[in-house]
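Notes follow the structure.
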Amino acid sequence: MKTLVSALILSASFIGAAQAGELDYPPALNTQSTVTRAQVQQELAAARANGELVSGEEGYAAAPFAHAGDKTRAQVKQELAAARAQGLTDSGELDYPPVQG
């Protein structure tokens, strides 16, 4: 019985020692900002306007989409049909950006 109690106490001390070393990982980072919320919003608006935002899978930059502007719905539908015929609208995890061939 003494051996069992000793083994339990010993194993509990090892568990406590192993967890104590993980309390400071990852180390705390300095997260104080040097810009205001208004400045961040202004930079975001400028990045959107310049097409600099990156989104999508595997770190590829987002394809720039032009504003339709003065195009009619029929013109946009015709361009979409042409892109589909060329196979440029299908994309997924492994075939982005879409390529012909």
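Considering only residues in the range 62-80 that are open to solvent by less than 60 Å² (accessible area, probe 1.4 Å) and on the phi < 0 side of the Ramachandran plot, the one that is modelled with the lowest pLDDT turns out to be 62. Screening 58, 22 for residues that are of a type in the set (D, E, K, R), open to solvent by 60 Å² or more (accessible area, probe 1.4 Å), modelled with pLDDT under 80 and within 30 Å of residue 89 (Cα to Cα) leaves exactly one candidate, 58.
The values are calculated or read from the model by the stated rules, or taken from the named source; none is laboratory data. Since the model is a prediction, treat every value here as computed from it, not as a measurement. Surface accessibility is based on the protein's heavy atoms, side chains included, excluding ligands, DNA and RNA. Shrake-Rupley method; radii C 1.70, N 1.55, O 1.52, S 1.80 Å.
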